[in-house]
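For reference, the structure is listed below as structure tokens.
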Amino acid sequence: MGLKTKFGFVLTLGLLISQASATDIAILRNGFTIRHESRAPLGETTRLFLTPDGSSFVDVRTAEIDRIEPDLTPAPPPEKNSAEAISILSGSSPAPTPAASSTPAPAALPAQTLAPANSGRVDVAEVVGAASDRYRLDPDLLNSVIRAESGFKVHAVSPKGAQGLMQLMPGTASKLGVANAFDPAANVDGGTRYLRELLEHYNFDLIKALAAYNAGPQRVEQYKGVPPYRETRLYVASIVRDFNRKKLAQQKAAMAAQPKVQAQAKSQAQKSPNQRKPVKTSTPAAATRTTPPTGN
């Protein structure tokens, strides 16, 4: 992908259920993919059902869908099916399957705390913008991740030791070459690069990438999708919903501005030539002089 990834699929709740079909993959124009069981057109959007019973779904702008392809990947065992885990998209939190419950879920982390150091004001928008340009990720997505990770607190430290704006664990920070996780620029650069690597690893499946950022790639591989951990489900849902809110606000603002822009363009196009101010072509002699006057 050579451009910043821009997309705005919207999460909603509803009762419409379409006829189940084989699992397909919706490939969006920005490169992201969404695996789904069935789909139904809804005006300018297409509803993608993530579970066979239709209880979990996402609404995607039809224009954003490049194509639909069959999912040829081997189906995971029922007890590890990621469809149940991904039901966080509809706001539900189903109980883990018996196989999943055999692995103790990590306790929900308490609210993050601040390290005693005080770093003054930081232009997070500038830091995020630079990382966004460097790794070709939407800055709104990065801001949503930072909001969920640290609440934009530069010196945030989790009970497990994750540090900084994007909550890098010391081992992860070291692998990414981040010497000081409390340096906003270095932290966001490292976190963004790691998120980009996860997106590429999961073929730009945003849900899996976010789950791996929170719970680790090994857990995503184990459960073939979002692990059945309450913390991870809430984390992924929080980021996606916050990101979608921003995209909806941008779409509404753009739609509201269209009539004004169109009216201005129409007015300019209808303006006759004799209504435009004439352009002066005469110039004072002193301004056109190319050689200095000769003296006596």
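The values are calculated or read from the model by the stated rules, or taken from the named source; none is laboratory data. The structure presented is a predicted model; accordingly, all values stated were derived computationally and were not measured. Reconstructed Cβ throughout: ideal geometry from the backbone, glycine too, with neighbour counts over all protein chains shown.
To keep it simple, each residue is scored yes or no on (1) in a helix (DSSP H, G or I); (2) surrounded by fewer than 17 Cβ atoms within 10 Å (Cβ to Cβ); (3) modelled with pLDDT of 80 or more.
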position	(1), (2), (3)
ALA26	no, no, yes
PRO41	no, yes, yes
ILE68	no, yes, yes
GLU84	yes, no, no
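The residue that is farthest from ASN143 (Cα to Cα), among those in the range 201-239 that are assigned to a helix (DSSP H, G or I) and among the acidic types (Asp, Glu), is GLU221. Determine, yes or no, whether ILE239 is closer than 18 Å to GLN167 by Cα and touching a Ser or Thr at 6+ places or on another chain (Cβ under 9 Å). Yes; evaluated as a whole, the condition is true for this residue.
Determine whether the range 238-257 contains at least one residue that is farther than 20 Å from THR45 by Cα and touching a residue at least 40 places away in the same chain (Cβ under 8 Å). Yes, the range 238-257 contains a residue that is farther than 20 Å from THR45 by Cα and touching a residue at least 40 places away in the same chain (Cβ under 8 Å). Looking at PHE204, is it in contact (Cβ under 8 Å) with a residue 40 or more places away in the chain, surrounded by fewer than 24 Cβ atoms within 10 Å (Cβ to Cβ) and over 18 Å from ALA162 (Cβ atoms)? In short, yes.
In the set VAL128, VAL124, only one residue is modelled with pLDDT under 95 and of a type outside the set (Gly, Ala, Ser); that residue is VAL124. Going through (1) surrounded by fewer than 15 Cβ atoms within 10 Å (Cβ to Cβ); (2) touching a Gly at 6+ places or on another chain (Cβ under 6 Å) one by one, PRO159 falls short only on (2).
ALA212 meets each of the listed conditions (1) farther than 23 Å from LEU50 by Cα; (2) touching a Leu at 6+ places or on another chain (Cβ under 6 Å) apart from (1).
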